[in-house]
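Below is one structure, written out as structure tokens; the observations come after it.
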Amino acid sequence: ISTRTSDFIIDTIALREELSILNEVFTRPSIVKIFHGADCDVEWLQRDLSLYVVNMFDTHHAAKRLGFSRLSLAFLLKHYCNIDADKTFQLADWRMRPLPEQLMKYAQQDTHYLLYIFDLMVNDLLKLSNEQATLVKGVYHDSKIICMKRYVKPMITENSYKELYLKSKRSFNNQQLFALREIFAWRD
């Protein structure tokens, strides 16, 4: 989490039970929360941490409204900050503790520049719309729809494991299918 003056790295594993306090800020309408590509993040925050977001600006949606050829955060970092983002840690195992310094720097870079990018994007949206706020309002509207998403725990039936089996594109014998069904039920 970054503010205009500080960056914070929060251990969501160690502090999981304490994180609901973030709802005081995350749901305060007077504070704009800047995310990039928050479509899944909003649901994950609800599902994993019971955190909700109000008054968000999604830079991914702003990039769409600006007509950028690429919409990634790496592109925005290069375009606005002349920073080549190192995405090698994007799929790293974030459960390891303590987090290596490289992962902490990677996590910090993902939020550190967002407020600066937000400022520049708002200015670009205003310029593109002849100083009218229509494009900026459009991004807020798109972001509001994302914030209104609600995580709903999937209903698990005795046959739900079959969807996982079909996605695996593997062939299981009866014993393996039985084991998958039991593990799936136990995990749920």
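The values are calculated or read from the model by the stated rules, or taken from the named source; none is laboratory data. Since the model is a prediction, treat every value here as computed from it, not as a measurement. Quick reminder, even Gly has a Cβ in these numbers, built from the backbone with ideal geometry, and neighbours come from all protein chains shown. Accessible surface is based on the protein model in full, side chains and every heavy atom, while ligands, DNA and RNA are left aside. Shrake-Rupley method; radii C 1.70, N 1.55, O 1.52, S 1.80 Å.
Helix 174-187: angle to the longest alpha-carbon principal axis of the chain, degrees 0 to 90, nearest 10? So the inclination is approximately 50 degrees.
In the chain, taking the dipole from charged Cβ atoms about the Cα centre, the farthest positive-side position among F184, L166, W94 is held by L166. Computed from the C-beta positions of N23 and I83, the FRET efficiency with R₀ = 25 Å rounds to 0.20. With a simple spin-label model that places each label point 7 Å from the Cα along the Cα-to-Cβ direction, the separation between L177 and Q102 comes to 4.3 nm. Please state the equivalent ellipsoid semi-axes for the chain: what are the square roots of 5 times the Cα gyration tensor eigenvalues, largest first, in whole Å? They are 35, 20, 19 Å, listed largest first.
The Rg/Rh ratio for the range 1-107 is 0.96, where Rg is the radius of gyration of the alpha carbons and Rh is the Kirkwood radius. Inter-label distance, I9 to K153: 3.2 nm, where each label sits 7 Å from its Cα along the C-beta direction. Set the bar at 21 Å for Cα to Cα. Now go through K87/K149; K78/K144; K127/K149; K33/K144 and name every pair that lies beyond it. Correct reply: K87/K149; K78/K144; K127/K149.
About its Cα centre, the chain has a charge dipole of approximately 560 debye under the convention of +1 per Lys or Arg Cβ and -1 per Asp or Glu Cβ, with nothing else charged.
The spread of Cα positions in the range 106-188, taken along each principal axis and listed from longest to shortest, comes to 65, 29, 22 Å.
Shown for the chain: the carbon plus sulfur share of the solvent-accessible area, taken with all protein chains present and a 1.4 angstrom probe, equals 56%.
Per q in 0.11, 0.14, 0.23 Å⁻¹, report the Debye log10 I(q)/I(0) for the range 58-134, using one uniform scatterer on each alpha carbon and no solvent. So the normalised log intensities are -0.35, -0.52, -1.05.
Ligands, DNA and RNA are left out, and with a 1.4 angstrom probe the accessible area of the chain is 69 Å² per residue.
Peptide packing for 167-175, 133-141 was compared via the average number of neighbouring C-beta atoms within 10 Å per residue; ordered from the highest value, the list is 133-141, 167-175. For F184, neighbours were defined as the other residues whose beta-carbon sits under 13 Å from its Cβ, and their charges (Lys and Arg +1, Asp and Glu -1) total 0. Other residues lying with their Cβ under 12 Å from the Cβ of L114 contribute a combined charge of -2, Lys and Arg counting +1, Asp and Glu -1. Here's how it looks for I34: its modeled amide H is under 5 Å from those of F57, which are all 5 or more places away or on a different chain.
The Cβ shell under 15 Å around D11 holds other residues with a net charge of -3, Lys and Arg each +1, Asp and Glu each -1.
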